[in-house]
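The values are calculated or read from the model by the stated rules, or taken from the named source; none is laboratory data. The shown structure was predicted, so the numbers you read here are calculated from the model rather than taken from an experiment. Quick reminder, even Gly has a Cβ in these numbers, built from the backbone with ideal geometry, and neighbours come from all protein chains shown.
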Amino acid sequence: MENKLIECYKKMYLIRATEEIIIDNYYDDEMKTPMHMSKGSEAIAVGICEELEGRGQYFSTYRSHAPYLASGGDLNQFFAEMYGKKDGRYSGKSGSMHIASPENGHMSSSAIVASNIPVAVGAAWANKMQNNGKIVVVFFGDGAIDEGNFWESVNMACVWKLPIIFVCEDNRLAVNTVARDRQGYSDINKVMSNFNMTTSYSLGVDVQDVIFDIRRNIRIVDTLSEPVFMRLEYYRYLEHVGTNSDADADYRNDESWNRSDENDPIFSLRKLLISIYEHEDKVVEIENKISKEVDIALQLAKNGDFSNVNETYKDVFSG
């Protein structure tokens with residue numbers, strides 16, 4: 001488990017360092033893409049992708065940075081994409097909200113709330129037909145639960161007994177609307193328990209909890225041949241879209257969440273690793289190496305060339 005935790009910390013720190021440097025550079029106005037940041041949810045994507053390595057197919061939302069990097073997406077291509085450069089993952093055309101890395105299992109990201117869910121169900125159906133052992137994981141926020149796409153997709157996944165795990169990254173907010181103002185129930189897990197599927201709940205701030213949770217749910221998919229609904233709560237550190245904090249916003253005032261270092265996924269895992277090694281030298285070495293890689297990737301993106309205008313017409317499909 002120790003080696004797994006080290007690998008998790010590397011990926012979690014990479015995600016955090018990547019987003020921190022985006023925050024530092026975003027208002028230079030060279031990155032021509034809206035940013036929906038993953039800060040605070042790193043343990044969810046990393047814990048799930050680490051445990052499903054080689055088997056997982058991931059479908060994420062516009063909050064795509066964590067799933068992309070956790071699944072092994074290329075860092076240099078990531079930053080080039082943010083800057084709209086030709087060396088970007090999709091030559092600068094996907095930006096932040098549509099980036100993907102299918103060769104690493106991160107199949108797609110979507111900017112439309114809940115639109116990734118039925119697509120993920122279709123992929124799970126294809127995997128079942130091919131009997132290839134793949135498990136689909138679809139990430140979405142708690143706001144997506146309010147969409148009809150979600151309920152229709154869950155229903156069909158249960159009817160067809162598909163190998164899919166629905167991962168609700170619950171930050172208690174749909175943009176800036178709290179759950180009680182938009183949902184006519186108090187516990188989504190109780191509602192989901194009426195379907196022919198397994199449900200689970202945990203805090204998404206401790207990567208060990210996430211690993212144990214996804215490990216158990218993988219066994220359920222494999223042995224019971226039924227889908228799983230996972231709800232993981234976390235604190236969204238930044239505004240819905242953008243790089244600023246909204247901790248003092250009016251809609252945050254009645255939150256019960258204790259926003260302390262102990263509830264930060266990076267801080268808590270760092271503290272654990274330091275206790276294992278009895279000093280922080282190894283952890284600092286990891287952090288310095290990753291920070292250097294992030295700095296290099298950023299500079300390569302800034303200095304890179306833009307795509308030729310003809311690139312605009314490539315990979316575009318119409319009826």
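Condition check ((1) touching a His at 6+ places or on another chain (Cβ under 9 Å); (2) at pLDDT below 95; (3) surrounded by fewer than 24 Cβ atoms within 10 Å (Cβ to Cβ); (4) assigned to a loop (DSSP other than H, G, I, E, B)) across all residues:
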| site | (1), (2), (3), (4) |
| --- | --- |
| E30 | no, no, yes, yes |
| A43 | no, no, no, no |
| I48 | no, no, no, no |
| E53 | no, yes, yes, yes |
| R63 | yes, no, no, yes |
| G73 | yes, no, yes, yes |
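Using the structure shown, decide if S38 is crowded, with 24+ Cβ neighbours inside 10 Å and under 27 Å from N127 (Cα atoms). Considered against the rule, which asks whether it is crowded, with 24+ Cβ neighbours inside 10 Å and under 27 Å from N127 (Cα atoms), S38 comes out as no.
Consider T177 carefully, then state whether it is modelled with pLDDT of 95 or more and in contact with a helix residue (DSSP H, G or I) (Cβ under 8 Å, 6 or more places away or on another chain). No. Of all residues in region 75-101, those being in a loop (DSSP other than H, G, I, E, B), crowded, with 20+ Cβ neighbours inside 10 Å and not small (G, A, S) number 3.
Listed here are the helices (runs of 4 or more DSSP H) enclosed by region 200-319 that have at least 1 residues being of a type in the set (G, A, S) and either at pLDDT 95 or above or buried (at least 19 other Cβ atoms within 10 Å of the Cβ) (or both): 281-303. Exactly one residue out of A126, A111 is touching a His at 6+ places or on another chain (Cβ under 7 Å) and either surrounded by fewer than 23 Cβ atoms within 10 Å (Cβ to Cβ) or part of a loop (DSSP other than H, G, I, E, B) (or both), and it is A111.
Residue by residue, here is whether (1) out of contact with any Asp or Glu (no Cβ under 8 Å at 6 or more places or on another chain); (2) in contact (Cβ under 8 Å) with a residue 40 or more places away in the chain; (3) of a type in the set (S, T, N, Q); (4) surrounded by fewer than 22 Cβ atoms within 10 Å (Cβ to Cβ) holds:
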{"residue": "S153", "(1), (2), (3), (4)": "yes, no, yes, no"}
{"residue": "W160", "(1), (2), (3), (4)": "yes, no, no, yes"}
{"residue": "R182", "(1), (2), (3), (4)": "no, no, no, yes"}
{"residue": "Y185", "(1), (2), (3), (4)": "yes, no, no, yes"}
{"residue": "F195", "(1), (2), (3), (4)": "yes, yes, no, yes"}
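For region 266-319, a residue qualifies if it is within 23 Å of the chain's Cα centre (by Cα) and over 30 Å from Y234 (Cα atoms), and exactly one does: A301. Would region 82-90 turn up any residue that is within 22 Å of L298 (Cα to Cα) and out of contact with any helix residue (DSSP H, G or I) (no Cβ under 8 Å at 6 or more places or on another chain)? The answer is yes; a qualifying residue exists.
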